[in-house]
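The values are calculated or read from the model by the stated rules, or taken from the named source; none is laboratory data. What you are looking at is a predicted structure, and each value in this text was computed from that prediction instead of being measured. When we count neighbours, we look across all protein chains shown, and the Cβ atoms used for this are built from the backbone with ideal geometry, even at glycine.
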Amino acid sequence: MFDFRQRLETGLHLLGTEISPASVDHLAIYFAELKKWSRNINLIAKSAGDEQIVEKHFLDSLTLLPLLGGAGSHLLDIGTGAGFPALVCKAACPELAVTLVEPREKRVSFLGHMVRTLGLKEVQILSCRVEDETQLPSTAVFSHITARAVTEIGPLLQMVERFAPSGPQLVCMKGPRWREEINAAAEILNRSSFRLDRVVECALPFSGAERRIVIFAAREQLKHNEHNEKI
């Protein structure tokens, strides 16, 4: 019988990330519910085995944890699907606030079920697209924004441009082709309120698949940080 907890904890150890036993329990429940709902709803690839689900969805999502901070952080996840990465990070780090944007109603139903099942607070689920100004106004304030598998870097920068004034970091989860996406987005970057800040390299613990977390910071926030450093 597959031991989710052991596989997750081994993977986290290899990544150098620690979470509490209670968070591991939450994620074990998440895994079980994901598999149950996936029998009837297209949440993840039908061909994905248990070990693949742990690594490609749960552990991959948790590579963001060291970059998000805890209390006071608010992550906007665009096109979250079944909650990857934001809801997984929330289950592992309860003090993190998250806003989940997902236009597909069946996935929204699953997200609501998981929030209720795990008793999570400070989770907002929006059944819309990121462009919806009514549900997701430009004045909304986030510390971080991500979108795991929605689009390439250039179009994503355009999607989130209206949130730049509040100074969020845009956290892009990419594979080895990230440089190609940066190059393709050169013109958009020149006009954007965001600027490339840094790239964090990592690899998934069992397959060794390369990951690059490409982080953009709002230009005004970078100026503010530089000013504070001089003081």
Item to check | Lone qualifier among R212, R148 - being modelled with pLDDT under 95, in contact with a helix residue (DSSP H, G or I) (Cβ under 8 Å, 6 or more places away or on another chain) and surrounded by 14 or more Cβ atoms within 10 Å (Cβ to Cβ) | outcome: R148
Checklist outcome for this item: Of the residues in the stretch 7-56, those that are of a type in the set (D, E, K, R) and over 19 Å from the mean Cα position of the chain (by Cα) come to R7, E9, D25, E33, K35, K36, R39, K46, D50, E51
Item to check | Residue check, A82 assigned to a helix (DSSP H, G or I), buried (at least 20 other Cβ atoms within 10 Å of the Cβ) and aliphatic (A, V, I, L, M) | outcome: no
Checklist entry - In this structure, is Q135 at pLDDT 95 or above, of a type outside the set (A, V, I, L, M), over 11 Å from T80 (Cβ atoms) and part of a loop (DSSP other than H, G, I, E, B)? => result yes
Item to check | Set V171, V115: member being part of a strand (DSSP E or B), touching a residue at least 24 places away in the same chain (Cβ under 8 Å) and closer than 17 Å to L96 by Cα | outcome: V171
Checklist entry - Across the stretch 1-45, what is the total count of residues that are within 23 Å of G112 (Cβ to Cβ) and among the charged types (D, E, K, R)? => result 5
Checklist entry - Does P137 satisfy the criteria of being free of Cβ contacts under 8 Å to residues at least 40 places away in the same chain and not aromatic (F, W, Y)? => result yes
Checklist entry - Would you say A91 is among the aliphatic types (A, V, I, L, M), assigned to a helix (DSSP H, G or I) and surrounded by 15 or more Cβ atoms within 10 Å (Cβ to Cβ)? => result yes
Next on the checklist: Can you tell me which of (1) in a loop (DSSP other than H, G, I, E, B); (2) surrounded by 14 or more Cβ atoms within 10 Å (Cβ to Cβ) is the one E161 doesn't meet?
Outcome noted: (1)
Checklist entry - What about S192, is it in contact (Cβ under 8 Å) with a residue 12 or more places away in the chain, surrounded by 19 or more Cβ atoms within 10 Å (Cβ to Cβ), of a type in the set (S, T, Y) and out of contact with any Ser or Thr (no Cβ under 7 Å at 6 or more places or on another chain)? => result yes
Checklist entry - Can we say H113 is within 27 Å of G70 (Cβ to Cβ) and touching a Pro at 6+ places or on another chain (Cβ under 7 Å)? => result no
Checklist entry - Can you tell me which residues in the stretch 178-189 are over 13 Å from I215 (Cβ atoms) and either crowded, with 18+ Cβ neighbours inside 10 Å or of a type outside the set (A, V, I, L, M) (or both)? => result R179, E180, E181, N183, A185, E187
Next on the checklist: Which residue is surrounded by the fewest Cβ atoms within 10 Å (Cβ to Cβ), if the candidates are limited to the stretch 66-77 and must be out of contact with any helix residue (DSSP H, G or I) (no Cβ under 6 Å at 6 or more places or on another chain) and hydrophobic (A, V, I, L, M, F, W, C)?
Outcome noted: A71
Next on the checklist: Which count do you get for residues in the stretch 143-163 that are under 14 Å from I215 (Cβ atoms) and more than 18 Å from the chain's Cα centre (by Cα)?
Outcome noted: 0
Checklist entry - Where in the stretch 1-78 are there helices (runs of 4 or more DSSP H), lying wholly inside it, with at least 2 residues that are at positive phi and at pLDDT below 95? => result none
